[in-house]
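Notes to accompany the following structure.
The values are calculated or read from the model by the stated rules, or taken from the named source; none is laboratory data. Remember, predicted model here, so these are calculated numbers, not experimental data. Backbone-built Cβ (ideal geometry, glycine too); neighbour counts: all protein chains shown.
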DNA sequence: AAGAAAAACGGACTATGGTCCGTTTAGCTC
DNA sequence: GAGCTAAACGGACCATAGTCCGTTTTTCTT
């Protein structure tokens, strides 16, 4: 993240103690285990601490809060997706034209839901703080850049949020569960909004 | 409220006991009082119960949960807005052309935030259940209707949600507080999305 | 007006996310 | 390897939303 770009040996890399790393791993493993065996609604912090053989404080020290834990559970997929849209091949990566990249971004984000649906839903921040997560900020920056590259000049900050808001997991969840709609419909709808906005 | 439109004596009107009604009023009054004097973050259920001179169970019996309480606090403004877009004068009401109504709807919804911002923010349902509130369903139905009247034929369910999602209070709150943006910018951005979608 | 049935009351109780701080341990220095 | 320091640990503790059920009150019936 904030690793210095300079000489690798300078500027104190904040060493991670081995017990801390090991505990984080055990917590994540236990969390996946609980989710698989008992369902996501059984994943309380107390239960998880007991299951991982760890104090509750350790979980909060490692992940900050419940949302941080869920973020960590989906971190690998998120990082992969970030790599793809930052430096991967077309249509997500920088070698594709900007509109194509934008459409691919939305589709990718929505399909992430299809894979990690319950996780994302359970982990979505409760109101405040949802926007402060680094991954979300990166996404916002990315969409703003693509909008500019598509020729949008005015009000880019606002328009980017207008495009990002419908990508939140609960929107897709609602559409899929209560209206007669498939993920393909959601993708197509979002892309239609994006195309017409840029055109 | 839910007074029957038909013959008053038919269809068992579920009588509201007088003590219940009085307590609801006292709770709402106490809530506004606490918010005004001590700030919205001091409005815990225990505190409110003590302040209203009422048991905590009474609050939950009357409003269901914390979100229900906040919904009740903004109920009057919400009902007024509903009246306006269902049967009021143009540009919100049925005598205006559909696109104009749609733009006015978005603006009205966003300006509601300017008035009741903290309330709406604090009361916004925590993830699940946000879509099941009657007011939200009415809004969704309204936007779907307007989209159809604007000539949108395909995927109306999805497109309506794409337009509704950015109207959630936390989006506006984020834009206003962290980016250099005014409510007018938010309104203009949303309207641009709506116009380009329909065109 | 008295009695009965249904509804509402209230506050102790539960569940759960998150904090605090005295104790333990990893990793560095000599 | 002994000792030191900063970091991590862990579980008691706190705050708060929401539930439960014995008690009280309203309102209907006769």
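Mind checking which residues of region A:179-191 are within 7 Å of chain B (Cβ to nearest Cβ), surrounded by fewer than 22 Cβ atoms within 10 Å (Cβ to Cβ) and part of a helix (DSSP H, G or I)?
Matches in region A:179-191: A:185, A:188.
Could you tell me whether region A:62-85 includes any residue that is buried (at least 17 other Cβ atoms within 10 Å of the Cβ), within 16 Å of DNA strand D (Cβ to nearest atom) and part of a loop (DSSP other than H, G, I, E, B)?
Scanning region A:62-85 turns up no residue that is buried (at least 17 other Cβ atoms within 10 Å of the Cβ), within 16 Å of DNA strand D (Cβ to nearest atom) and part of a loop (DSSP other than H, G, I, E, B).
I'd like to verify a number: residues in region B:50-60 that are touching a residue at least 12 places away in the same chain (Cβ under 8 Å) and near DNA strand D (Cβ under 10 Å from one of its atoms), how many?
3
Quick one: in region B:155-164, which of the residues that are surrounded by fewer than 21 Cβ atoms within 10 Å (Cβ to Cβ) and at the interface with another protein chain (Cβ under 8 Å from one of its Cβ atoms) is farthest from residue B:130 (Cα to Cα)?
If we take residues in region B:155-164 being surrounded by fewer than 21 Cβ atoms within 10 Å (Cβ to Cβ) and at the interface with another protein chain (Cβ under 8 Å from one of its Cβ atoms), then B:155 is farthest from residue B:130 (Cα to Cα).
So for region A:31-41 (the condition being surrounded by 14 or more Cβ atoms within 10 Å (Cβ to Cβ), over 20 Å from residue A:113 (Cβ atoms), within 10 Å of DNA strand D (Cβ to nearest atom) and modelled with pLDDT of 95 or more), does at least one residue qualify?
The answer is no, given that none of the residues of region A:31-41 is surrounded by 14 or more Cβ atoms within 10 Å (Cβ to Cβ), over 20 Å from residue A:113 (Cβ atoms), within 10 Å of DNA strand D (Cβ to nearest atom) and modelled with pLDDT of 95 or more.
Got a number for residues in region A:98-139 being surrounded by fewer than 14 Cβ atoms within 10 Å (Cβ to Cβ), without any contact (Cβ under 8 Å) to a residue 40 or more places away in the chain and within 14 Å of chain B (Cβ to nearest Cβ)?
Residues that pass the stated criteria total 3.
Every residue, every condition in (1) in contact with a strand residue (DSSP E or B) (Cβ under 9 Å, 6 or more places away or on another chain); (2) facing another protein chain (nearest Cβ under 8 Å); (3) without any contact (Cβ under 8 Å) to a residue 40 or more places away in the chain, yes or no:
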{"residue": "B:141", "(1), (2), (3)": "no, no, yes"}
{"residue": "B:152", "(1), (2), (3)": "no, no, no"}
{"residue": "B:193", "(1), (2), (3)": "no, yes, yes"}
{"residue": "B:196", "(1), (2), (3)": "no, yes, yes"}
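I want to confirm something. Restricting to region A:19-30 and keeping residues that are within 9 Å of DNA strand D (Cβ to nearest atom) and loosely packed, with under 14 Cβ neighbours inside 10 Å, which single residue is farthest from the chain's Cα centre (by Cα)?
For region A:19-30, the residue satisfying everything is A:19.
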